[in-house]
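Q: Input: one structure, supplied below.
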């Protein structure tokens, strides 16, 4: 090293106990004053020490009061040396620096991220961004992470290699942008080695069709990089944007069969937090977030109702029928269905949106064989169940009056009132009828043809045809074609007027009314500061609900299986659970006494399930799932669809023909991609190629299932 005037040069050979992967010599100098240091520092920088594989430069400055300050000069080092380790070695033995205990220093890096509105805009800008490679290398930038969301909501992750010398672990970069990733390359997050990231924070904040990019740079160059990205056409995300972007969603977004059929919940562009703190905006934001959680089922059901009555998507598989009319599924779902939602392979659905605002509607059910499972789940507009008609509750062939709030009157003698009545004027009926394979479908179709809905005013008038009414409120949300930034709030206010909340919610609604949220209120009458806050809420609300669901805090984990709480399906005043774990997760959810769905994503060692391995699920003798109806195990890919396989088998259970028993009377199922021995194929459930997960469905389960006292065995990896 060059020696300058008034400089004392100290040298120390690297010791073996420094634990460096390659030997480097420590060169240290002391300047007599800060003025001399400042004068010399520019000359040091001109030496281009990075060419000699030098580390960045550590500076310790002592003031006149013996207080020590530590700083780092970045010289675009390519040495890969941990600057914190350098500080530790120079300061070894010191107990305090600047009156504080010595702690390892962390080399600061700043995340710069931006969003392109479309893939076309991103593609147009990408060449320009790639051309910045040499400049990015000079500022010690990482390679660039790219997240592209297609029109169906799938997020792909790629890396643009700019020849970075930052030595930043790109998997760690992915983790920083997507803190709550569930799996990376089908491995638990911890020390990921591949870039096949299933889900991300930022991925779920993106609108369909948009693209995000992110990279880490030294903070002193962050503003220049932001300017470059902005000039390329991206919307740069602020630090507050990145804090609020929200949660990842794992490979199982919902465990209820119908989640996808309402389409994805509406997404909104992120709104920046105010640069200057404004109490009114922050108050409106905090109160608005609670209103979002409270009101989410109203908005989601408004969208679901509109889509299922007015927008034919795939009428063979996705509900589409007028108000007060049934839509019937006509076939068991197989792997040709690719719209996700974890469909079951056991029952056929019969679904209807029903208007009880003016009068009761009568549900007619034919005689159904005693050995066939059937049920009609009756749910309010808030996603809570209020009653059932079906096998479990002892229903017989007959006519059942579905009654809305405040109706008073007499019913015909051949009609039985369903009790309790619905607390909301609009309800959703989800009927399920067991089908024992393809050969049994004609029998189920014959039953479905006899499921009827008749308004009370038309009862006893078989010659009068029920009119086809599709006149329902069109929600002001993006998925219904609206571009109104306050549309979800306007939809909520309309739905609160149409389906009045419970009287005991009055104290909460009085608070919401102060920011323009409530039955029939006009959000446009609010000051701009409130409207701005409510737009911010729309950017974080759904990611918050998704993260809560994937956290599993609502479930009890037993051997990797998630057991639902006993009040699922009727969360009621537990508004967060109602919104996240009931409405968003599946539109509605069965009462556990009707059906329990156990989800499992891991094997007995906690590793994610993957087709690269072979697994066994064994129910010992006298330990099969205790139910009064039936149970089945179904396997899904990470897209929430059934997995194509050579034997077209998607579920297996106590109704499956040919299943062989073990010597103790128990049953072992073989969960793997390739066929086991020929004599085991009857118990084989194929897992396809890639990551997968499973759902154990138990219909009319015994109390020990509902109470999580029956402990489902682990899925055991056997190779």
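Q: Once you have the alpha carbon radius of gyration of region 323-458, what is it after dividing by 2.2 N^0.38 Å, with N set to its residue count?
A: Cα-based Rg divided by the globular estimate yields 1.07.
Q: Ok, one more. Apply the a/c threshold of 1.5 to the C-alpha gyration tensor of region 503-569 and tell me whether it is rounded, prolate or oblate.
A: Cα axes put region 503-569 in the oblate bin.
Q: Continuing with the same structure: Taking a ≥ b ≥ c as the square roots of the Cα gyration tensor eigenvalues, with a/c under 1.5 meaning rounded and otherwise prolate when a/b beats b/c, else oblate, which class fits region 552-717?
A: It is prolate, given that a/c is not under 1.5 and a/b is the larger ratio.
Q: What is the list of residues in region 345-374 whose amide nitrogen lies under 12 Å from a point 7 angstrom out from the Cα of residue 450, following Cα to Cβ?
A: Only 364-370 pass the distance filter.
Q: Could you let me know the centre-to-centre spacing of region 698-718 and region 278-336, using Cα atoms, in angstrom?
A: That distance is 31 Å.
Q: Same structure again: If each residue's Cβ is checked for other Cβ atoms within 10 Å, how do 581, 719, 591 rank with the fewest at the top?
A: 719, 591, 581
Q: Alpha carbon centre of region 477-514 versus region 646-669: separation in Å?
A: Each part reduced to its Cα centre gives a spacing of 49 Å.
Q: Shape of region 483-528 from its Cα gyration tensor (a ≥ b ≥ c, root eigenvalues): rounded if a/c is under 1.5, otherwise prolate when a/b > b/c, or oblate?
A: Verdict is oblate for region 483-528.
Q: Suppose the chain between residue 613 and residue 150 were pulled fully straight at 0.36 nm per residue; how much longer would it get relative to their current alpha carbon spacing?
A: 163.6 nm
Q: How much FRET efficiency would the formula 1/(1 + (r/R0)^6) give for residue 158 and residue 718, where r is the Cβ-Cβ distance and R0 is 30 Å, rounded to 0.05?
A: Taking R0 as 30 Å, the efficiency between residue 158 and residue 718 is 0.25.
Q: Here's another thing I want to ask about it. May I ask you to list the residues of region 409-443 whose amide nitrogen lies under 17 Å from a point 7 Å from Cα along the Cα→beta-carbon direction of residue 396?
A: The answer is 413-418, whose backbone nitrogens lie closer than 17 Å to the label point.
Q: Counting other beta carbons within 10 Å of each Cβ, put 328, 702 in order, fewest first.
A: By the 10 Å Cβ count, ascending: 702, 328.
Q: Roughly how many Å is it from the Cα centre of region 357-405 to that of region 520-575, as a whole number?
A: 29 Å
Values in this text are rule-based calculations from the coordinates and carry no lab data. Not measured: the values here are computed from a predicted model. Counting neighbours? That spans all protein chains shown, and the Cβs are built from the backbone with ideal geometry, glycine included.
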